[in-house]
Amino acid sequence: MIFDDLSVNPGQLSPITLAFVGDAVYSLIVREELAIVSDKPADRLHKLSAGKVSAAAQCRAMESIMDALSEEELAVFKRGRNAATKHTPKNASGRDYHYATGFEALFGYLYLSRRYVRIQELYSLIAQKENHE
């Protein structure tokens, strides 16, 4: 992490702030994977990435890891899912949007908690599920 000298308790941050960080974390993981496994032009990579980080895709991803979450992780997801947002989804159902917010909050929480191995474990579960569909 770039800011190792800064102390943060992710549990004290709002779920929307956690989702803000988690959105970037998950997007970077997806982009890294696509850059490594796909020999495609940048515009094609962008379209592939957008499909994997959409609210609907994140909702499916969340559903695929739900059973693997600890009680703590599930609580973080629920805080994010239930958070009041000022944003109205344009291209997603309300359920997908709220699940995606919870999913992003979870990834933000894990990242700010420096649980990078856990992030990799969850992403591997998501990728395995995607490959079997």
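The values are calculated or read from the model by the stated rules, or taken from the named source; none is laboratory data. Not measured: the values here are computed from a predicted model. Virtual Cβ from ideal backbone geometry, glycine too; neighbours counted across all protein chains shown. Keep in mind that these areas ignore ligands, DNA and RNA; they rest on the heavy atoms of the full protein, side chains included. Shrake-Rupley method; radii C 1.70, N 1.55, O 1.52, S 1.80 Å.
Need one number: nm distance between label points at Ser14 and Asn131, each 7 Å from Cα along Cα→Cβ, rounded to one decimal.
Inter-label distance under the simple model: 3.9 nm.
Any idea of Leu28's accessible area? Nearest 10 Å², probe 1.4 Å.
110 Å²
If exposed means no more than 13 neighbouring beta carbons inside 10 Å and the site is in a DSSP loop, what's the longest run of the chain without any exposed trypsin sites (Lys or Arg not before Pro)?
Working: sites that count: Lys86, Lys90, Arg114.
Looking at the chain, 1-85 is the longest stretch - no exposed trypsin sites (Lys or Arg not before Pro) with at most 13 other Cβ atoms within 10 Å.
Report P(r) for the range 52-125: all Cα-Cα distances, bin width 5 Å, range 0 to the bin holding the largest distance, values in whole percent.
Computed distribution, short to long bins: 3, 18, 29, 28, 14, 7, 2.
Please pull out the direction-averaged projected area of the range 1-122, using the convex hull of its alpha-carbon atoms, in nm² to one decimal place.
Details: hull surface 32.5 nm².
So the Cα hull casts an average projection of 8.1 nm².
Please find, in a Gaussian network model of the chain (springs between Cα atoms separated by less than 10 Å), the residue of Val30, Val21, Val117 whose mean-square fluctuation is greatest.
Maximum among the listed residues: Val117.
Tell me, what is the per residue accessible area of the range 65-128 in Å², probe radius 1.4 Å?
Working: 3480 Å² over 64 residues.
That works out to 54 Å² for each residue.
At a probe radius of 1.4 Å, what is the per-residue accessible area of Thr85, in Å² to the nearest 10?
Its heavy atoms expose roughly 40 Å² to the probe.
Tell me, what are the semi-axes, in whole angstrom and largest first, of the equivalent ellipsoid of the range 1-70 as set by the roots of 5 times the Cα gyration tensor eigenvalues?
On the way: eigenvalues 132, 62, 24 Å².
So the three semi-axes of the range 1-70 are 26, 18, 11 Å.
Roughly how large, in nm² to one decimal, is the mean projection of the convex hull of the alpha-carbon atoms in the range 89-133? The partial results should precede the final answer.
Numbers: hull surface 15.3 nm².
With the hull built on Cα positions only, its mean projection is 3.8 nm².
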